[in-house]
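What follows is one structure encoded as C-alpha cells, with my remarks underneath.
The values are calculated or read from the model by the stated rules, or taken from the named source; none is laboratory data. This is a predicted model, so every value here is computed, not measured. Neighbour counts run over all protein chains shown; Cβ positions are idealised from the backbone, glycine included. Ligands, DNA and RNA are stripped out before the accessible areas are found, and what is left, the full protein with its side chains, is counted by its heavy atoms. Shrake-Rupley method; radii C 1.70, N 1.55, O 1.52, S 1.80 Å.
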Amino acid sequence: MKFLLGCFLTAFLVSMYCCSFAQTSYTVTGKVLTDNGTSAEGATITLLKYPDSSVVKSTICTQEGHFGFDHIKPGNYMVFAHKIGFHRLYSRQYNVVNDDIAINDITLRSLTDQLKEVTITDKRDYIEVRPDKTVLNVDRSIFAAGNSAFDVLSTAPGVRITDNQVLLKGGQKALIAINGKAIGQLNDEQLTELLKSYQSNMISQIELIPNPSAKYDATGGGGVINIILKKSKDIGFKANITESAAYGQDYRVNTGINLNYRTSKLNLFGSYSFADNKTPRLLDVDRTIGETALDVNYNSTTYLKNNSFNIGTDYSISPKQTIGALIYGYHNKIGIDKNNVTDIANNGMPDSNITTQSHIDRAISNLNYNLNYKGSFGKNDNTTLSADLDYSTYDRSSTELLKNNLYDAGGLPDQDAMWYIDNSPSHINVRSEKVDFSQALSKTGTLGIGIKNNQVNSNNMIDFKGKVDTAAHYVAVPSLTDHFIYDETINAGYVNYSDKFNKTSFAVGLRAEQTSSFSESLNPNKTVDRKYFNLFPNLEITQDIDKDNKFTLNYDRRIMRPNYQDLNPFVAYIDEYSYSTGNTLLKPEYISTYGLSDLYKDKYKLELSMRVTQDFFVPIFEQNDTTKVYTATTSNVGTRYEYNADLSLPVDITKWWKVDLNLFASYQRYDYYANDASKSTTDFVVQANQNFAITSSLRAELYTSWESPTYYGIKQYSDQWETRAGISQSVLNDNGSIRLTVTDIFNTDGDEYSSHYLNLDLTGHEKAGSRFIMATFTYRFGNQSVKNAARRIGGNVDEQKRLSGSSNEN
C-alpha cells in the first residue's frame, strides 16, 4: 500500500510539473437550421467528448444560427443540438488534430415530422469500420433490443461464440473491457453471466480492437472487445425499464431497471436485473477402443435464477476531479438435472449398459467493491490521473447426488445401484490497485504510464463419498477427495506514446508483467511454484496513402493465462467411464500477431494477419485403453499458426435496404508436442446482417452466418450455420418500443465433430437450446438526457475472468 501511495503521489507531482507544456488549441464552428430552411436561433449546442459523451462546452446559436467553440484541444468530439419543438440531434464524430473544424450545416427536424426525423437525422450505421477497430452502434440493431451484451456479440462481425466462449477471428479468446477497463480472465461460464448482466439499452457502442494499446492488460490473444456504456448530460432523474420473455426450447424471462439521479456535483446510480431461464442441452459421444464401442448419450436441463445489481455514487470534488464508490455483483441459484446413458458393445454385439442420473444444487455469489478517483489538470486538460482500489469475493456451494445403475446385455440389473454425494465448495478473494497517468507533450503527442498490482487467493475443496450399505452410510472415496489452494500475484507497468506527423500517425507501447504463483494439492500432496517475467510490446502505424486509402501496420505480443479452476486438479465424476479434471502443470500461452490492413473510403476494409500461439492450450480427452476411461482436461498441446484475411463489405442495395457483409478466410497449422505430429486446416466464415427501413417507425433485420468445416484444437468440426430475424415498432412517442425476434430459426446452431488425437477415436454432437421467439418491451421515463454514472468495473476485473468454473465443468 505504501508503494501504491508513493506512486500515486509521484504521478501527481509529475502531472503538476508537466502542466507547463504548451498545447495548441483550435476552434469548432458550425450553423444550425430548421427543416424549413430558417436559422435555429436560440438552439442549445453542446460539444461532447467522444466516445464517453462527457460535456466539454455549451453555447447558444446566434440569430443567424451560427455557433462556435474556442480553445479546443486535439481529440475526438461530437456535437449535440437541442431546441424546443424539434428533435434532439447528435452529430457524427469529428477528429480535431492540427486544424480548425467547420462542421457541415446541422438541420433540426420538427417534432411533427416523424418520417424525416428517422430517415435524415440519424445516419449512423450499425457497423462502422475504422483503421484501428470496428464499432457497433448498438441502438441501431433490432437483435440488440431487449437483449444483453452477450447476445449482441453473438452477431458481431468476426466474433464467434462457441459453448459460451467469446472468440475473435481465428478462434482466439478476446479480452473483454467495459468503458476501457479490462474484465480479464473470467472462465467461460462466469464471463457469460457478466455479459448477460449488461442489457443493450445501457450500451452505446461496442468496439472490436484487434491491436490494443499497452494500457490494456496483456491477456487476450484475439484483441479487445470494449463495451462503451451510454452517457447523457443533464441534471435530474431518469429510469429505464425493460421486460422480455422468450419461449421455444424451454423458456427465458428477463426484467431490469436502471435508475440515475444527478445534481451539479453528486451522481447516484443503481440497477437491478432478474433472469429466470430453463435451457436443455444434449451431448452424444461415440468412442471406439479396439473392438469395444462406447455410445454416451447425455441430456441435461439447467434451471438458472440470476440476480445482478450495482449501486454507486460519483462526487465532483472540483470541476475536473471526481471520486466514486461502487458495489456490484450477482447471486445465482442453479439446478441441473442430468441423465447419462452409456451403451457398451463388443465386436458389434451389446455387452452392457450404464445409466447415471444426478441432480446438482449450486449457488454462486460474487461481490465487488471499488473506490476510484479521476482528475484532469492544466489549462487544456492535457494531464489526467486516475486510480482504482478493488476487492472482490467469489463463493460457490455445489452439492451433487448421483445414482449409477448397471445392466447386462439383456437389460437386467447387473448389481445394486451405486450412490454418490459430491460436495465441492469454493472461495476466492481478489485484491487490486492501479494508477494511470497521461500527459500531452505536444499538440498531437501523448505519453501514458501506469502501474497495477493484483493478489489472488483461491481455496477449494471436494468431498466425494460413496454409499456402502442400505442404511445410507456414505464414506469418502480417497481418489476423488481433495483440497486445493492457489495464490497468485501479478505486478504490471506500462508506457505508451502516440503522435502524428503529416499523414502518418503511430502508437507504440511496452507493458511489463511479473507473475508469482503457488498451488498446493493435498491428495496427492503436490505443489507447483512458478515465477515468470514478460515484456509485451505493441506497435501500430497508420499512413494516409491518398484521400481514399489508409494503410495500417501493427504488431503486438499478448498472453493467455489459464483460469483458476483449469489449474484445479480435482477429479470430477461423470460416470464409470467418464471423468474431468484440472491440470496444475498448465502453462500460459503466448500470442504474437502481425497485421496489415487497408481502409478504403472509410467504409470498406481488408485485413491480412499472421498469428503465432506458443504453448497453445485447449480442452482434450485422455483415454486409458485398458480401463476404457476417458478424462477431459486442459493441456498445452503445441504451437498454432494462423494466416487470416478479413473483408468488411457494407452494401446499400436501396435507400431502405442495407447489407453489412463480413467475409473471413483462414489457413491454420498445428504443430503438436506429442509424436511431433502436425495438422493443417482452412476456415471460411460468412456473416450477413440485412437491415430494412420499412417505415419511419417500423424496421426489420435478418442475420445469417455460415462457417465451413474446420479443425480446432483436437476436433474436426462440420460446417455450421444460423439464421435469426427481428422486427421493431416504436411506440409512445418514441419513449417505448416493442420488438419481436426469432433466434436460430432452423434450429441449426450446434456442433458436430470428430477427434483422432493420440489413441482417441471419437465422434460427437452437442446442442443447447437456441431457438426462441422473444418479445421485448422497453420504456424510458424521466429526463432521458441525465448523464449516466461513469460506470466503473474497477481495476481487478482482469482477474475476475479467472475466478471460477473450469472449461471442463458439467
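Things to note:
- Cross-chain or 6+ apart pairs with Cβ under 6 Å, region 492-517 first and in contact (Cβ under 8 Å) with a residue 40 or more places away in the chain, then assigned to a strand (DSSP E or B) and basic (Lys, Arg): Ala492/Lys452; Tyr494/Arg511
- Consider region 173-199 and keep the residues that are buried (at least 22 other Cβ atoms within 10 Å of the Cβ) and small (Gly, Ala, Ser). The one that is modelled with the lowest pLDDT is Gly184.
- Subset of region 202-242 that is closer than 22 Å to Ser438 by Cβ and among the acidic types (Asp, Glu) - its residue that is modelled with the lowest pLDDT: Asp217
- The set of residues in region 536-558 being surrounded by fewer than 21 Cβ atoms within 10 Å (Cβ to Cβ) and closer than 30 Å to Tyr486 by Cβ consists of Pro537, Arg557.
- For region 46-73, a residue qualifies if it is in a loop (DSSP other than H, G, I, E, B), closer than 22 Å to Gly378 by Cβ and over 30 Å from the mean Cα position of the chain (by Cα), and exactly one does: Lys73.
- Look at (1) open to solvent by 50 Å² or more (accessible area, probe 1.4 Å); (2) at pLDDT below 65; (3) of a type in the set (D, E, K, R) and you find that Glu117 fails only one, number (1).
- Pairs with Cβ under 6 Å, 6+ apart, first in region 548-576 and in contact (Cβ under 8 Å) with a residue 60 or more places away in the chain and closer than 26 Å to Gly595 by Cα, second assigned to a loop (DSSP other than H, G, I, E, B) and open to solvent by 20 Å² or more (accessible area, probe 1.4 Å): Lys550/Pro131; Thr552/Pro131
- Check on Gln165, surrounded by fewer than 23 Cβ atoms within 10 Å (Cβ to Cβ), modelled with pLDDT under 75 and under 26 Å from Tyr590 (Cβ atoms): yes
Table: residues versus (1) at negative phi; (2) under 27 Å from the mean Cα position of the chain (by Cα).
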site	(1), (2)
Ser597	yes, yes
Asp602	no, yes
Lys605	yes, yes
Val618	yes, yes
Asn624	yes, no
Leu663	yes, yes
Tyr672	yes, no
Ser678	yes, no
Val685	yes, yes
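- Of the criteria (1) in a strand (DSSP E or B); (2) open to solvent by 50 Å² or more (accessible area, probe 1.4 Å); (3) more than 27 Å from Val129 (Cβ to Cβ), which one Thr681 fails: (2)
- Hits in region 51-89 (condition: in contact (Cβ under 8 Å) with a residue 40 or more places away in the chain, open to solvent by 80 Å² or more (accessible area, probe 1.4 Å) and on the phi < 0 side of the Ramachandran plot): Asp70, Arg88
- Test: residue in region 282-304 that is without any contact (Cβ under 8 Å) to a residue 40 or more places away in the chain and out of contact with any Pro (no Cβ under 9 Å at 6 or more places or on another chain): yes
- Which listed residue is closer than 30 Å to Ser365 by Cα, of a type in the set (Val, Ile, Thr), open to solvent by less than 10 Å² (accessible area, probe 1.4 Å) and modelled with pLDDT of 90 or more, from Thr481, Thr489, Thr515: Thr515
- Among the residues of region 123-150, those identified as under 15 Å from the mean Cα position of the chain (by Cα) and modelled with pLDDT of 75 or more are Thr134, Val135, Leu136, Val138, Ala149, Phe150.
- Which listed residue is in contact with a Ser or Thr (Cβ under 9 Å, 6 or more places away or on another chain), at pLDDT 95 or above and assigned to a strand (DSSP E or B), from Arg611, Arg669, Arg699: Arg669
- For the criterion of being open to solvent by 40 Å² or more (accessible area, probe 1.4 Å), assigned to a loop (DSSP other than H, G, I, E, B), hydroxyl-bearing (Ser, Thr, Tyr) and within 30 Å of Glu128 (Cα to Cα), Thr654 passes.
- Residues that are surrounded by 18 or more Cβ atoms within 10 Å (Cβ to Cβ) and charged (D, E, K, R), drawn from region 616-651: Arg640, Glu642, Asp646
- Leu596, sole failed condition from (1) part of a strand (DSSP E or B); (2) touching a residue at least 60 places away in the same chain (Cβ under 8 Å); (3) surrounded by fewer than 15 Cβ atoms within 10 Å (Cβ to Cβ): (2)
- Residue in region 451-462 that is open to solvent by less than 40 Å² (accessible area, probe 1.4 Å), of a type in the set (A, V, I, L, M) and either under 30 Å from Leu389 (Cβ atoms) or at pLDDT 90 or above (or both) present: yes
- Per the listing Ser806, Ser755, the residue uniquely crowded, with 17+ Cβ neighbours inside 10 Å, of a type outside the set (Asp, Glu) and at pLDDT below 90 is Ser806.
Results for (1) touching a helix residue (DSSP H, G or I) at 6+ places or on another chain (Cβ under 8 Å); (2) open to solvent by less than 20 Å² (accessible area, probe 1.4 Å); (3) modelled with pLDDT under 90; (4) of a type in the set (A, V, I, L, M), shown as yes or no for each residue.
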residue	(1), (2), (3), (4)
Asn405	no, no, no, no
His427	no, no, no, no
Arg431	no, no, no, no
Gln439	yes, yes, no, no
Ser442	no, no, yes, no
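- All positions within region 250-277 that are of a type in the set (A, V, I, L, M) and in contact with a helix residue (DSSP H, G or I) (Cβ under 9 Å, 6 or more places away or on another chain): Ala275
- Candidates in region 531-582 are the residues that are part of a strand (DSSP E or B) and among the basic types (Lys, Arg); of these, the one that is nearest to Lys338 (Cα to Cα) is Arg558.
- Of all residues in region 726-752, exactly one satisfies the criterion of being open to solvent by less than 30 Å² (accessible area, probe 1.4 Å) and either at pLDDT 95 or above or farther than 29 Å from Ala688 by Cβ (or both), namely Gly736.
- Region 319-350, residues that are surrounded by fewer than 19 Cβ atoms within 10 Å (Cβ to Cβ), basic (Lys, Arg) and assigned to a strand (DSSP E or B): Lys333
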